[in-house]
């Protein structure tokens, strides 16, 4: 499998359940989850990407922007 990186910010509103703006996951993330003893399939089945990526230190925190006019989605996929 090639490497995949993704970051997304789709919600910016007061009272959000979580405080992050996105996260970065790449080919190294799978190895990091193994070393940390995490279980990505279980976490993702339970919609637990927030805690999974937070435990890996891959979350992106930008702080409040007080606007929702600049939603960003990026993805990069390439084969090695």
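None of the figures in this text is laboratory data; all of them are computed from the coordinates on show. This structure is a prediction, so every number in the text was calculated from the model and none was measured. Quick reminder, even Gly has a Cβ in these numbers, built from the backbone with ideal geometry, and neighbours come from all protein chains shown.
What nm value, rounded to one decimal, do you get for the distance between residue 45 and residue 31 when each label is placed 7 Å out toward the C-beta?
In this crude spin-label approximation the distance works out to 2.7 nm.
Beta carbons within 10 angstrom, averaged per residue: use that to sort the peptides 38-44, 50-56, highest first.
Most protected by this proxy first, the peptides run 50-56, 38-44.
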